[in-house]
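Beneath this line is the structure, given in structure tokens, with notes to follow.
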């Protein structure tokens, strides 16, 4: 079945290329907010929204926001942007994107050792991500804009200033170039690359990074589930139709083959009948030439076991090995004795008593005796 589905997919429309929207970090303000110890992911999402309502200068309805948290961490990284920072065209362009997230969120995969600063450079900005503990969730994220006319010396000075803002930095990781989505990522998974660095996320890990309106995201996920069910139903129906068509063709082929076979049998029937007749005739001739009926020997053998009270009235042969005898006796008990004695003979295959009747003290019956094939070997003619 899987081979048929693979063959079927070749004729289905090619899906459009995957799309991910990576936003400039300069649009976002970022905070690390505490969360309850042992909280689940859904509880953390609620606590993040409460923290944003307190800390953000705008209501939640006017923000695009997301967060990053790992199980066991005592804080979450929250990032939010004022909606009016984005044009209508930009927002409309998000409608067919699988995920919309700030550029720095694309590298929040690994858990560096404490006091590590990760620097993400772009043509117009330098983003510093600082890990103050071993939770794997950054404690600080700072974005420094870079003027278009900045010299290399000014860029180096900006980098040093950004590192000094993270007090106690012991390790620095420089990422060259802005992160980009790898379109070769497996379906439902996301891989981002920045130079030699790569970060791989599954759909569940990256879902909280999406900054779009949460109600729209919920509706989008419901639509995706519905579309997936419809797609699988369509593929299943298409496979069933293909299988039904294959079976129909197989039935047509089988009917044609059966018709051809019966025609051959019908044409060969007279030949087969002639061959069978010849074989039967040859067998009969062979029996007549090599075997002969031996009724006297049969009677002699039966007489050797016949009680004196039993009289043979009529005998007839049936084939070469069967003798039928009509007999009578004045002692009905001798009938069973006679039959038992015959069945014990090594030359006798079977002896049966049939149609036994009694009248005026005389019992009549029919005795059918079948002899073994080698019971009577004819004497060879002297040469």
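Laid out as a table, the results:
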{"item": "Within segment 84-108, tally of residues that are outside any helix (DSSP H, G or I) and under 30 Å from residue 154 (Cα atoms)", "result": "4"}
{"item": "Residue within segment 26-46 that is in contact with a strand residue (DSSP E or B) (Cβ under 7 Å, 6 or more places away or on another chain), at pLDDT below 90 and assigned by TED's automatic domain parsing to the domain that holds residue 124 present", "result": "no"}
{"item": "In segment 58-69, the residues that are touching a residue at least 12 places away in the same chain (Cβ under 8 Å) and over 14 Å from residue 207 (Cβ atoms)", "result": "58, 62, 63, 64"}
{"item": "Check on residue 14, over 22 Å from residue 144 (Cβ atoms) and either assigned by TED's automatic domain parsing to the domain that holds residue 195 or at pLDDT below 90 (or both)", "result": "yes"}
{"item": "Qualifying residue in segment 302-323 (condition: in contact (Cβ under 8 Å) with a residue 60 or more places away in the chain, surrounded by 10 or more Cβ atoms within 10 Å (Cβ to Cβ) and either assigned to a helix (DSSP H, G or I) or outside the structural domain of residue 353 (by TED's automatic domain parsing) (or both))", "result": "yes"}
{"item": "Unmet criterion (only one of (1) modelled with pLDDT of 90 or more; (2) out of contact with any helix residue (DSSP H, G or I) (no Cβ under 7 Å at 6 or more places or on another chain); (3) under 20 Å from residue 138 (Cβ atoms)) for residue 55", "result": "(1)"}
{"item": "Lone qualifier among 194, 157 - being assigned by TED's automatic domain parsing to the domain that holds residue 48, exposed (fewer than 15 other Cβ atoms within 10 Å of the Cβ) and either under 32 Å from the mean Cα position of the chain (by Cα) or within 25 Å of residue 142 (Cβ to Cβ) (or both)", "result": "157"}
{"item": "Condition broken by residue 240, with the remaining ones in (1) closer than 30 Å to residue 122 by Cα; (2) in a helix (DSSP H, G or I); (3) modelled with pLDDT of 90 or more satisfied", "result": "(1)"}
{"item": "Qualifying residue in segment 334-353 (condition: part of a strand (DSSP E or B), loosely packed, with under 10 Cβ neighbours inside 10 Å and modelled with pLDDT of 85 or more)", "result": "no"}
{"item": "Residue check for residue 198: in contact with a strand residue (DSSP E or B) (Cβ under 9 Å, 6 or more places away or on another chain) and not in a helix (DSSP H, G or I)", "result": "yes"}
{"item": "Any pair with Cβ under 9 angstrom, 6 or more apart, that starts in segment 28-41 at a residue that is surrounded by fewer than 16 Cβ atoms within 10 Å (Cβ to Cβ) and ends at one that is assigned to a strand (DSSP E or B)", "result": "34/75; 34/76"}
{"item": "Of the criteria (1) under 21 Å from residue 111 (Cα atoms); (2) touching a strand residue (DSSP E or B) at 6+ places or on another chain (Cβ under 8 Å), which one residue 161 fails", "result": "(1)"}
{"item": "Flag for residue 250 being more than 30 Å from residue 83 (Cβ to Cβ), surrounded by 10 or more Cβ atoms within 10 Å (Cβ to Cβ), under 25 Å from the mean Cα position of the chain (by Cα) and touching a residue at least 60 places away in the same chain (Cβ under 8 Å)", "result": "no"}
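Yes/no per residue for (1) more than 28 Å from residue 171 (Cβ to Cβ); (2) crowded, with 21+ Cβ neighbours inside 10 Å; (3) in contact with a strand residue (DSSP E or B) (Cβ under 6 Å, 6 or more places away or on another chain); (4) at pLDDT 95 or above:
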residue: 78; (1), (2), (3), (4): no, yes, yes, yes
residue: 85; (1), (2), (3), (4): yes, no, no, no
residue: 90; (1), (2), (3), (4): yes, no, no, no
residue: 112; (1), (2), (3), (4): no, no, yes, no
residue: 149; (1), (2), (3), (4): yes, no, no, no
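The values are calculated or read from the model by the stated rules, or taken from the named source; none is laboratory data. This structure is a prediction, so every number in the text was calculated from the model and none was measured. Virtual Cβ from ideal backbone geometry, glycine too; neighbours counted across all protein chains shown.
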